[in-house]
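> After the structure tokens below, expect a handful of questions from me.
The values are calculated or read from the model by the stated rules, or taken from the named source; none is laboratory data. None of these values were measured; they are calculated from a predicted model. Counting neighbours? That spans all protein chains shown, and the Cβs are built from the backbone with ideal geometry, glycine included.
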Number of protein chains: 2
Amino acid sequence: MTPPLGETIREHFERQILAGTLAPGARLPTEQQIMAQFGCSRMTVSKALTALATAGLIERRKRAGTFVARPRVHSMVLEVPDLAALVAARGQAYRYRLDQRDTVTSGEGHLAGHPALHVSGVHFADDRAMAVEDRLVSLAAVPDIAAADLNAEAPGTWLLHHVPWTEADSRITALGASPAEALLLGVEAGTPCLCVERRTWRGTDPITHVRQVFRGDSYELVAHFGPGAS
Amino acid sequence: MTPPLGETIREHFERQILAGTLAPGARLPTEQQIMAQFGCSRMTVSKALTALATAGLIERRKRAGTFVARPRVHSMVLEVPDLAALVAARGQAYRYRLDQRDTVTSGEGHLAGHPALHVSGVHFADDRAMAVEDRLVSLAAVPDIAAADLNAEAPGTWLLHHVPWTEADSRITALGASPAEALLLGVEAGTPCLCVERRTWRGTDPITHVRQVFRGDSYELVAHFGPGAS
DNA sequence: CCGCCAATAATGTATAGACATTATCGAAAC
DNA sequence: GTTTCGATAATGTCTATACATTATTGGCGG
């Protein structure tokens, strides 16, 4: 019934910070004062403040005290959901069509020199083309993919379920559909599309490099920043 | 010199999880076993595991034990730099031109019912139009902006320096430039552009709503995920 | 007036123990 | 067999204390 005391303390300051009662840069009471105020031990206070610090709401400086963090502007959380799950969540039928599959050894880029499986295909939502995808998967890092049925499961989904990755980056750009892409997407050449290029690694080993071109009118990326980070 | 013991324990399991040695669903040793293994008290182990649980790497279940979390929807960190700083970092000259400034009370959306300052203008890099921006700023939440010189400092930059926000979301889409936008950007209508729409709040009070349309050929968003996320 | 240094006030980490909570498991009762 | 229910093994929280670390502050000497 009673919420944990540490949680109570955490929420107490979180509320004040979010409401602006405690402005950025303001100093919080010392741990001693807080433990007197709430009648608990210092460890409990410390854990509550540690949680707030981890969430980026406060900054703790030895000898100086604890302060409300100035909002850090530059990073937001970009959700990168699995396409199959995303489409399913919208109540549409998802399908992936594999168009091409071969083995290559590219000479440049992220997977340079590694033998790789090259697959390209189209993602459909309710039988409407949503995105074209062109992907390289390192056969050294992911030998199992050679045996996978990539018609039944899109390569991205397969990788998500079978291969943990530790590092990734994405470039997001807008471009006009090339004639080939336009044909696959069922739009006119030059139609604005969202292009996501992503590279992933496991440790230092490259896993995959994918380029997805989405119909601009049927896909959007959303990013979020906030204390409700959960 | 010696790293904190709790940190050592955290890294020990983090490495094993990221490397795949501990596969998703696998069970970690009990806290008792870990404290025996590292020769420390249970609180230390508990704090290390709590940190991993907060980061979403493990899941702890009473009576049952601690398990490697199944890979969730992966989220990445999207860098959203201040445009002025971004352009400066590229070694180009940044300029903002304010085209329009008035006061409105919109009837719908994020700022519905709030009197707001409406500003629109163009961002330039080396005198080349990079993006058009259309922005509403709540006058209730940010009264000071009425007195700001938004020719000297772009509204986004001004807000960044003067107003803390606690929550934000962004929608990223691709679209063709409208005739008006095309004129301002110096491109042909229909040219693919990257559109970022962002809303920010402080607590539950809306602060600003901005729509930025970037030339597709001169801007890209970059997102990153990795243990270097600290 | 300036620079150095030591006292100090704050957080950082850790210990050893206690009791609370809860899902699971196994045995007893039906 | 099936259900119920209590024992139990694990995590969850908290206390009281100790010592480490570090940035600030203020005093002392040049």
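> (1) touching a residue at least 24 places away in the same chain (Cβ under 8 Å); (2) among the hydroxyl-bearing types (Ser, Thr, Tyr); (3) more than 13 Å from chain A (Cβ to nearest Cβ): which one isn't true of B:Thr2, the others all being true?
(1)
> I need the full set of residues from the range A:177-197 which are surrounded by fewer than 21 Cβ atoms within 10 Å (Cβ to Cβ) and part of a strand (DSSP E or B), in order please.
Correct list: A:Glu197 only.
> Continuing with the same structure: Tell me, which helices (runs of 4 or more DSSP H) wholly within the range A:26-138 include 2 or more residues that are more than 16 Å from DNA strand C (Cβ to nearest atom), within 14 Å of another protein chain (Cβ to nearest Cβ) and of a type in the set (A, V, I, L, M, F, W, C)?
A:83-89
> Are there any pairs with C-beta distances below 8 angstrom linking a residue in the range B:17-38 that is at positive phi to a residue that is surrounded by fewer than 15 Cβ atoms within 10 Å (Cβ to Cβ), with the two at least 6 apart or on different chains, and if so which?
Sorted first by the residue in the range B:17-38, then by its partner, the pairs are B:Gly25/B:Arg70.
> Further question: Could you grab me the full set of residues in the range A:8-25 that are within 9 Å of chain B (Cβ to nearest Cβ) and at pLDDT 95 or above?
none
> I'm told A:Ala141 meets every condition in (1) under 16 Å from the mean Cα position of the chain (by Cα); (2) more than 8 Å from chain B (Cβ to nearest Cβ) except one. Can you identify the failing condition by its number?
Failed condition: (1).
> Here is a follow-up. Being modelled with pLDDT of 90 or more, closer than 16 Å to B:Arg211 by Cα and of a type outside the set (A, V, I, L, M, F, W, C) is the filter here; which residues of the range B:85-110 pass it?
Hits for the range B:85-110 are B:Tyr96, B:Arg97, B:Asp99, B:Gln100, B:Arg101.
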